[in-house]
Amino acid sequence: METTGQKPTDPLRECKCGTKAYTEEEMVSLFYPHKNGKYGYGTLCKECVKKKSAKQKPEDKRKGNLRRNYGITPEDYNVLLREQNSCCAICGRHETEFARRLHIDHCHDTNIIRGLLCVNCNVGIGKLGDTVEALAKAIIYISNGLKKGQNND
């Protein structure tokens, strides 16, 4: 590959599609970071990733997302769903009450899946830092508020 006035320490890198070459400096903003990438970046530029993703079927995207993020298949998800009777593991509301599927709740330290939650319950425990201590404080706080409300009647 020809260099166009680049310093030897700043070689050109090509997008895997082969349409354009980039300097190391350009790669920082035009490529997604990738821990296993040869230079710390993916092999496709962001533009090519978006084009490739737009062509992908929704069920294939979901399958890849489940595998990549949680190490499970759509079939594994369906087993979890059946085990929970298609209901949120916290509030018990049925998945048909929501516009989206139940979310996979997992420990961010161990990646162990705890169950499936509706968006409200998932965000709620996430905002409390996924800690038992914070949840316990929230229970006490709400309980005290209920007691105060009952005493004022």
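Within the range 41-49, can one find any residue that is touching a residue at least 40 places away in the same chain (Cβ under 8 Å) and either outside the structural domain of residue 132 (by TED's automatic domain parsing) or within 26 Å of residue 132 (Cα to Cα) (or both)? No; the residues of the range 41-49 include none that is touching a residue at least 40 places away in the same chain (Cβ under 8 Å) and either outside the structural domain of residue 132 (by TED's automatic domain parsing) or within 26 Å of residue 132 (Cα to Cα) (or both). Is at least one residue of the range 52-71 at pLDDT 90 or above, in a loop (DSSP other than H, G, I, E, B), outside the structural domain of residue 25 (by TED's automatic domain parsing) and surrounded by 16 or more Cβ atoms within 10 Å (Cβ to Cβ)? No, because not a single residue in the range 52-71 is at pLDDT 90 or above, in a loop (DSSP other than H, G, I, E, B), outside the structural domain of residue 25 (by TED's automatic domain parsing) and surrounded by 16 or more Cβ atoms within 10 Å (Cβ to Cβ).
Taking the range 111-153 as the range and being closer than 30 Å to residue 76 by Cα, among the β-branched types (Val, Ile, Thr), exposed (fewer than 15 other Cβ atoms within 10 Å of the Cβ) and over 15 Å from the mean Cα position of the chain (by Cα) as the test, the residues that pass are 131, 132.
With respect to residue 121, is the statement that it is among the hydrophobic types (A, V, I, L, M, F, W, C), part of a loop (DSSP other than H, G, I, E, B) and within 21 Å of residue 139 (Cα to Cα) true? So residue 121 does not fit the description; no. Could you please let me know if residue 78 is of a type in the set (S, T, N, Q) and either surrounded by 11 or more Cβ atoms within 10 Å (Cβ to Cβ) or under 19 Å from the mean Cα position of the chain (by Cα) (or both)? Yes: the conditions hold for residue 78. Here the condition is being of a type in the set (Val, Ile, Thr) and without any contact (Cβ under 8 Å) to a residue 24 or more places away in the chain; of 139, 113, it holds for 139 alone. Out of everything in the range 24-51 that is modelled with pLDDT of 80 or more and among the polar types (S, T, N, Q), what residue ends up being farthest from residue 72 (Cα to Cα)? Here the residue is 29.
The values are calculated or read from the model by the stated rules, or taken from the named source; none is laboratory data. Note that the coordinates shown come from a computational prediction; the quantities given were computed from them, not determined experimentally. Because the Cβ atoms are built from the backbone with ideal geometry, glycine has one as well, and the counts that use them run over all protein chains shown.
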